[in-house]
Amino acid sequence: MKTDQPVTILFHPLEKMVTVPAGTLILDAINRAGIRFSAVCGGKGLCGKCRIILNSGEYTEDFRDHTISLPAEERDKGYRLACGTRVHSDAEITIPVESRIENPQILLAGEWLNSGCAPSVSSCELEVISTGNGTIFGPSIRCMGDTGTRPAIHPDLLPEIRTRTGRLTAVMTSSAGETEVIAVHDGSAGRYYGIALDLGTTTVAGILADITTGEMIATASALNRQITYGEELISRIAHGKKEKGLFELQSAALASINEVISSLLATGNIRSEEVYDICVGGNTVMCYLLAGYDPGPLEYTDTLINRKPIVLRAGIAGIQSHSRAYVWCLPAVSRFVGGDAIGDILASGLTSTEEISLLIDLGTNGEIILGNGSWLVSPSCASGPAFEGSGLSSGMRGMMGAVDHVRIDPETGEISYTVIGGGKPAGICGSGVIDAAAAMAAAGILDFSGKLVSGTPGVREGRDGPEFLLVSRDKTATARDICITYGDMAYLMDTKAAILGAISVLCNKYRVRPADIRHLYLAGAFGSFSSIDQLISFGLLPELPATEVHMIGNGSLAGAYAALLSSKTRSDAEKIAAMMGYIDLLVDTEFIDEYWAALRIPGKEELFPAYYAKIRGEQKVYDTGI
């Protein structure tokens, strides 16, 4: 077969067309077409999520055995895996509903922080100081009305200033450290604007704000186009090490950011030249990729991370805004504790009290932080996509068609559930999975180790072992059963044990009992839509008898918004990053014991005393110190 001539692929039902060389992987063609597509494992042929239906065209398959991911009945209907199928002629391909990524349920805001505006960008009336003959060599300017401060001038402005005399209005920024003039106007500078962004592994969310008043003008979100290179951070790092991989990931991040910015500007009727500041919250890997840094070192446990913020020039980076504006990224602590975690802390306000707090943000990457205003500590916790739902056999993100809550009557075994947006479900998201697991355990469908109990209602033998039928195919949007499989539960138990084990390690090392924790902050959509009782019942969290629960929404975006409006908040962010203790669980000898102890539902007795007391017919009285 010839591999040097172009072929055209038409993707249904999106009606998108792309021309690629013959022999191109369908997954690469989907990426080139700009289609948002599910590829959890990053194209390794492991997850089986990148299903397509090949309607017509010549093709070959790289993988010898697709039956691990695709049953025979699906292959008979034309289903193939996009990551292992190459087209050699013009083709028509259907992207089925379960493989498309659209309409995500994104929590843009919790309680937004706006304690007054003192941003890094400001305006000032200037006086240009010229030589006696009227010629300015490297013009000198000073701010009127102060003691004679002379800010630096961006070199691109020198020719423009040389043609002017008298007083001007300048827009200045201190985002990069020293004060710098980045724009000049003959009249008043008027209002000027900034953008706060959460550069998440899965989604990008943004706020357009008037940074002269703090007014929030518009919000917008989009999916991170890096998704098709893998859902997990490790997959992104691996792709970034390939030839052109870093460029592809950086380009995808920039395209996603600019998509959000374009939406913000259109809603606010603002020109990009009027945006003078951008603040970004994101995990360490995302910020590395945005800046074009080699992510390879982040694979290693001994990699030291610079705890200073990454600062980029927007025009050089290719971000839609005033070309001389700066992009200021919230600082990171370690390879898996990034600026998004710092944003969570800023949004929670937990450093304003000496009462002990626990902050948890579970998404594609998990953040767990313990401490107060005097000390903070966080472990590495790459939780994977289990709590995004997409890492499970019937899993999907929290978007239209996802089962988000589940109840099972322990007496009758009757199942009830809710679906985001209503209608027939297409899969199950993170909050739904936790609800289901907790309900299954309470109904005796799961044993204490998280294994499915044969013979209990709903449990049957599947292709890969026992599975629990949650929704039958006649009631789903995909005409496929929605199940929780043996493999799903093994993955979920592994993730649950890692999180509970991490919390236990923190408590042990810092001599903190769960009963001493006064505040629990849950960030992100998972925390906001999950039931606290179910999280404790399943054993993701210990019993917290004296704890007040706070939902802070998208803490990364809230923290970036706060830093956009306040240079003091930026300083606070740097202090928090500098003071935070870090525990790498991969090399911590105590963690493995806590992990194994957490591989049961709910967990060890020290963390769940009331549960075990109830089993013994006793009543637990907590010593909370109150």
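Where a number appears in this text, it was derived from the coordinates with a stated rule and is not lab data. In this text, all values refer to a predicted model and were calculated from it rather than measured experimentally. Cβ sites come from the backbone with ideal geometry, for glycine too, and all protein chains shown count toward neighbours.
List of remarks:
- Label-to-label distance, nm, for residues given as LYS424 and HIS12 (7 Å Cα→Cβ offset): 1.8
- Summing Lys and Arg as +1 and Asp and Glu as -1 over all other residues whose Cβ lies under 11 Å from the Cβ of HIS239 gives a net charge of +2.
- For THR85, residues with placed amide H under 5 Å, excluding near neighbours: ILE26, LEU27, ASP62
- Local electrostatic count at ASP302 - Lys and Arg +1, Asp and Glu -1, tallied over other residues with Cβ under 13 Å: -1
- Potential lengthening of the chain between MET579 and TYR622 amounts to 12.3 nm, from the contour at 0.36 nm per residue minus the alpha-carbon distance.
- Protection proxy ranking, peptides 339-348, 404-413, 547-556, average beta carbon neighbours within 10 Å, highest first: 339-348, 547-556, 404-413
- Inter-label distance, ALA291 to THR412: 5.8 nm, where each label sits 7 Å from its Cα along the C-beta direction.
- Summary of the geometry: the stretch 556-602 and the stretch 199-253, compared by the centres of their Cα atoms, lie 20 Å apart.
- Rounded to the nearest 500, the helix-only mean residue ellipticity at 222 nm of the chain stands at -7500 deg cm²/dmol, with each DSSP H run of n ≥ 4 adding -39,500 (n - 2.57).
- When VAL433, VAL333, VAL171, VAL18 are sorted by how many other C-beta atoms sit within 10 angstrom of their C-beta, beginning with the fewest, the order is VAL18, VAL171, VAL333, VAL433.
- Its Cα gyration tensor gives the stretch 193-339 an equivalent ellipsoid. The semi-axes, each the square root of 5 times an eigenvalue, are 26, 16, 13 Å from largest down.
- Excluding same-chain neighbours fewer than eight residues apart, the lysines reachable from LYS575 by a Cα-Cα span under 17 Å are LYS308.
- Rel. contact order, % - alpha carbon contacts under 8 angstrom, at least six apart, the stretch 483-626: 34
- Spin-label pair ASP464/ASP90, simplified geometry with 7 Å Cα→Cβ offset, distance in nm: 3.9
- Fewest-first ranking of TYR229, TYR276, using other Cβ atoms within 10 Å as the exposure measure: TYR229, TYR276
- Spatially proximal lysines relative to LYS451 (Cα-Cα < 21 Å; intrachain offsets below 8 disregarded): LYS496, LYS604
- At an R0 of 56 angstrom, the distance between the Cβ atoms of ASN269 and PHE448 translates into a FRET efficiency of 0.45.
- Sequence-distant residues sharing a close amide H with GLY427 (under 5 Å, placed H): VAL403
- Going from the fewest other Cβ atoms within 10 Å to the most, the residues HIS519, HIS154 appear in the order HIS154, HIS519.
- Using the Cβ-Cβ distance between GLU178 and LYS242 with R0 set to 56 Å, the FRET efficiency from 1/(1 + (r/R0)^6) comes to roughly 0.90.
- Note on LYS475: lysines with a C-alpha under 19 Å away, same-chain residues under 8 apart excluded, are LYS424.
- As a ratio to 2.2 N^0.38 Å, the alpha-carbon radius of gyration for the chain is 1.05.
- Antiparallel bridges, percent of DSSP beta bridges restricted to the chain (to nearest 5): 70
- Charge tally in the Cβ shell below 10 Å around ILE428, where Lys, Arg are +1 and Asp, Glu are -1, ILE428 excluded: -3
- Degrees separating the helix 486-509 axis from the principal Cα axis of the chain, which is the longest one: 60
- Straightening the chain between ASP76 and GLU355 buys 94.4 nm, computed as 0.36 nm per residue apart minus the Cα-Cα spacing.
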